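Working notes, structure below.
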Amino acid sequence: MILNKQRLTVALCAAMVVAAGWMAPAASAQAGGPKIGAVDMRKLYEDFYKTKTASRSFDESVAAYRKDYQQRVNDYNKLNEDFQKLREESNNPALTQEKREQKAKQVQDKMLELRKSLEAVKEFEQNSQQYLNDLRRRQNDTIMKEILEAVRRKGREGSYTVIVDSSGFGTMSNIPMAVYADEKLDFTDVVLKELNANAPANLPVGKGSGSAPLTLPAPSVTPKTPAPSPVP
């Protein structure tokens, strides 16, 4: 998921438990009583400029890996075409015994080359998938750390007793940590303004993304399984 989900969920659940007994309308107004705040973690994540720039950088990495992957697939398929042609030549009845044996040896060598090429394509795909997923996780962990630090800083500055998430962003079921919270308690925009204070002018359009697991795009031409080699 976008962040260390277990850590955030446990922290926010704890906050919800603490806050649960204090959510009566007049509670925060009482002198010396708890001060409760709420933020929309989903909005903070999606509208944070670093999320958008990270998404753009990540998409560029995916495009580069896809291009490399496609080239490897194309190279493999070219090898397979050469193999098929060589195999047909080896079955030519006009060949002498000596030529037939030479062609059979070439077919076997080409088959071995094909198998190694196919293994390399699959290994590259697996390694790319792992690298890109790790990259996305590292980017999101860094972003969420900065967002949480900003929320906690505002919490300390505002002398809040507890701050709850109104979006359910860090949970498996997306159920908010605060089933109900007065809009007056929400200071998401205050945190977002601070986070985006140094945002560059050329941000990507739209909201940031990165929660879903990555699947490397399939090549436009998939690897073809080589036919069995002929028996000499």
- Query: Any residue in region 125-137 that is more than 23 Å from the chain's Cα centre (by Cα) and touching a residue at least 40 places away in the same chain (Cβ under 8 Å)?
  - Reply: no
- Query: When you go through (1) part of a loop (DSSP other than H, G, I, E, B); (2) within 14 Å of the chain's Cα centre (by Cα); (3) at pLDDT 85 or above one by one for A199, which number turns out not to apply?
  - Reply: (2)
- Message: Can you say whether A64 is of a type in the set (G, A, S), modelled with pLDDT of 90 or more and assigned to a helix (DSSP H, G or I), as far as the supplied structure shows?
- Response: yes
- Note on the structure: The condition from (1) of a type in the set (D, E, K, R); (2) surrounded by 18 or more Cβ atoms within 10 Å (Cβ to Cβ); (3) farther than 30 Å from I36 by Cα that K105 misses is numbered (2)
- Query: When you look at A11, is it more than 30 Å from M111 (Cα to Cα), assigned to a helix (DSSP H, G or I), of a type in the set (A, V, I, L, M) and at pLDDT 90 or above, yes or no?
  - Reply: no
- Item | Tally of residues being within 29 Å of E60 (Cα to Cα) and assigned to a helix (DSSP H, G or I) across region 117-172 | 34
- Which of the residues that make up region 86-104 are in a helix (DSSP H, G or I), in contact (Cβ under 8 Å) with a residue 60 or more places away in the chain and not small (G, A, S)? R87, R100, E101
- Note down all Cβ pairs under 6 Å where the first residue falls in region 31-58 and is under 28 Å from S128 (Cα atoms), the second is at pLDDT 90 or above and among the β-branched types (V, I, T), and they're at least six residues apart or on different chains. Y45/T51; K50/I143; T51/I143
- Task: Scan Y49, Y76 and give me the residue that is of a type in the set (F, W, Y) and buried (at least 19 other Cβ atoms within 10 Å of the Cβ).
- Result: Y76
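The values are calculated or read from the model by the stated rules, or taken from the named source; none is laboratory data. If you're wondering where the values come from, they're calculated on a predicted model, not measured in any experiment. Counting neighbours? That spans all protein chains shown, and the Cβs are built from the backbone with ideal geometry, glycine included.
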